[in-house]
1. All other residues with a Cβ under 9 Å from the Cβ of residue 164 taken together, and with Lys, Arg as +1 and Asp, Glu as -1, what is their net charge?
2. Working with all protein chains in place, sort 103, 8 by solvent-accessible area computed with a 1.4 Å probe, largest first.
3. Name the residues whose placed amide hydrogens come within less than 5 Å of the amide hydrogen of residue 11, ignoring near sequence neighbours (fewer than 5 apart) on the same chain.
4. Just need the relative contact order of the chain here, percent rounded to a whole number, with Cα pairs under 8 Å and 6+ apart.
5. Suppose R0 equals 35 Å; then what is the FRET efficiency for residue 139 and residue 43 from their Cβ-Cβ distance, rounded to the nearest 0.05?
6. Using the Karplus curve 6.51 cos²θ - 1.76 cosθ + 1.60 with θ = phi - 60°, work out ³J(HN,Hα) for each residue of region 22-33 in order, rounded to whole Hz, and write x for Gly and Pro.
7. Given contacts defined as C-alpha pairs under 8 Å and at least six residues apart, what's the relative contact order of region 1-59, whole-number percent?
8. I'd like the accessible area for residue 61: 1.4 Å probe, protein heavy atoms, all chains in place, Å² to the nearest 10.
Amino acid sequence: RLPAGMRYLSAQPSKLCSAKGRTVTCRLGELGNNRSREIALKVRLGNRVRAASIANNVTIDAQEADPATANNRDRAVASLAPRLVLRKTAGRNRARVRDTISYPLRLSNRGPTTARNVVLCDRPRAGLVLRRAPGSRKRGQARCWNIGTLARGRTVKRRVVASIGKGKATSRTNVATVS
């Protein structure tokens with residue numbers, strides 16, 4: 001039985017398994033003494049899962065009586081990764097050479113777990129000259145903030161100010177990344 005929020009997609013080998021709701025049944029057929037068979041399930045975790053980890057239980061059963069039933073069950077637990085969302089906007093859509101543009105950055109952790117060792121970086125590309133990035137440190141061509149820990153449901157905001165440099169291009173690009 002799959003955990004809540006998880007949906008069965010397929011199995012390998014595919015002809016052995018079927019699903020009804022969250023219950024996946026695989027009919028292995030005959031299995032000789034000291035033999036094994038592996039089944040790989042492909043599942044999808046829904047967006048609404050909020051748990052920090054997800055547990056999956058598996059049981060096996062046979063037509064014949066098994067004298068050692070203690071090993072007929074197993075459980076696997078997997079930790080889920082945080083879901084970081086970075087939003088960046090330009091303070092205005094049109095500017096001329098030497099104009100200043102502010103870029104607000106908004107980083108959110110939409111869960112389900114706390115993000116650790118988070119680093120947010122901004123790197124203005126050709127045609128933009130970085131003027132200010134309060135609280136950041138230089139890392140190569142980028143300015144970075146060590147956010148550290150970002151708990152589920154929390155948001156941090158940072159700001160980059162750049163000016164438009166000379167050049168032939170009619171648009172400028174500013175890139176932000178989070179890791």
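1. Within the 9 Å Cβ shell, the charges total +3.
2. On the way: 103 20, 8 45 Å².
In descending accessible area the options line up as 8, 103.
3. 42
4. Values: 345 pairs, mean separation 34.3, N = 179.
After rounding, I find 19 percent.
5. 0.35
6. Karplus values, whole Hz, x for Gly and Pro: 8, 8, 10, 10, 10, 9, 7, x, 6, 9, x, 4.
7. Averaging sequence separation for qualifying contacts and normalising by length gives 47 percent for region 1-59.
8. 130
The values are calculated or read from the model by the stated rules, or taken from the named source; none is laboratory data. Everything numeric in this text was worked out from a predicted model, so none of it was measured. With ideal geometry, Cβ positions are generated from the backbone for all residues, glycine too; neighbour counts draw on all protein chains shown. For accessibility, only protein heavy atoms count, side chains too; no ligands or nucleic acids. Shrake-Rupley method; radii C 1.70, N 1.55, O 1.52, S 1.80 Å.
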